[in-house]
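Worksheet: one structure, shown below.
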Amino acid sequence: MNCQKQGTSIEGMLRAGLEGLNVLSVDVEDYFHVEAFADRITPEMWPNFSRRVADNTRHLLDLFARNDAIATFFILGWVAECEPQIVRDILSAGHEIACHSYLHRCVWRMTPKEFRTDTRRALAAIQDAGGKSVLGYRAPTFSILRKSFWALEILAEEGFRYDSSVFPIRHDHYGVPNAPRFAYRWSLKNGQSLLEIPPSTIRFARQNLPAGGGGYLRMLPMWYTRWALRRIQNRDGEPAVVYLHPWEVDPHQPRMQGRWKSKLRHYYNLTKMDARLSQLLSSRRWVSFAEYLRNVADRDLPAYSTEELFLR
């Protein structure tokens, strides 16, 4: 497209002196890519918008460097094609690159053939820009749901080692509420396996609540985020898995037209995100998914088939 205008592995980590480890990730997309405005803005319209993703990502790179934080950047293939230098900048700063699809389409809106084509196109763009192989995938809008579990087999067949798309919460757009809260292995029908590393949640009042994700980090009070991440480490003995987007540190981005709920979710507290993120980064040790995998004996993780997850 034209782009011009829970388990024993964690105990092992603690024994190895890795207490306090947390996983940091960035979904590299621009303000006009988001699902909140997808009912009004199509990919064919993207070249008409001014791109801000490279500058916002470099701002995050500077912020991470000041706090000795290392992250995984799940990059949209379209961004990698249009802004290949930012992929190289991410790698030069010592971070991991991973895949966030090519056109930011929800997985459940695609056929398996369309999903495979989109994923291959994204991988080619990201790996061509960075010259480095990709291990991980995160679906746009966490859109690997029960009705799109078939995508996990395709990811394994395409050579991915891990996924971070199954969010174990209830939400009006995404979520598999009964999915495990911490890292596990998918045992797939095609005989392959795939690690799943979900975003952080806490268990409270018999339900899972999100903690430390982009919109949740902006919209929920900071005391809640600090409390939730402490609870994950101290009570559950697990690392926090946090995510955000480059547009979330850009309060001056162009305002888009959309539904009131979409605008609220997208624009609320953009002016506070930089300070909140700085607080979070300075208080903990942050690593990439790749570093997390190097320190976890994944053979010890629990394994589930997609059928078992339906029965949980």
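A short reminder: the numbers here are calculations on the coordinates, not readings from a lab. All figures in this text were calculated on a predicted structure; none of them were measured in a lab. Positions of Cβ are backbone-derived with ideal geometry, glycine not excepted, and every protein chain shown enters the neighbour counts.
Brief remarks on what is shown
- From the alpha carbon centroid of segment 43-84 to that of segment 101-161 is 18 Å.
- Ranking of Thr306, Thr225, Thr72, Thr271 by count of other Cβ atoms within 10 Å, fewest first: Thr271, Thr306, Thr225, Thr72
- Whole-Å semi-axes of the ellipsoid equivalent to segment 86-200 (Cα gyration tensor, √5λ, descending): 23, 16, 14
- Modelled this way, with points 7 Å down the Cα-to-C-beta line, the labels at Ser283 and Asn48 are 4.3 nm from one another.
- Lysine pair number, Cα distance threshold 21 Å (strictly under), the chain, separation 8 or more or different chains: 5
- Counting neighbouring Cβ atoms within 10 Å and putting the fewest first, the residues Ile202, Ile126 line up as Ile202, Ile126.
- Segment 8-311: proportion of alpha-carbon pairs further apart than 33 angstrom, %: 17 percent
- Divide the volume of the convex hull around the Cα atoms of segment 19-97 by the residue count and you get 97 Å³ per residue.
- Long-range Cα-Cα pairs in segment 179-312 (distance over 22 Å), rounded percent: 49 percent
- When each of Tyr137, Tyr304 is scored by the number of other beta-carbon atoms lying within 10 Å, the sequence from fewest to most is Tyr304, Tyr137.
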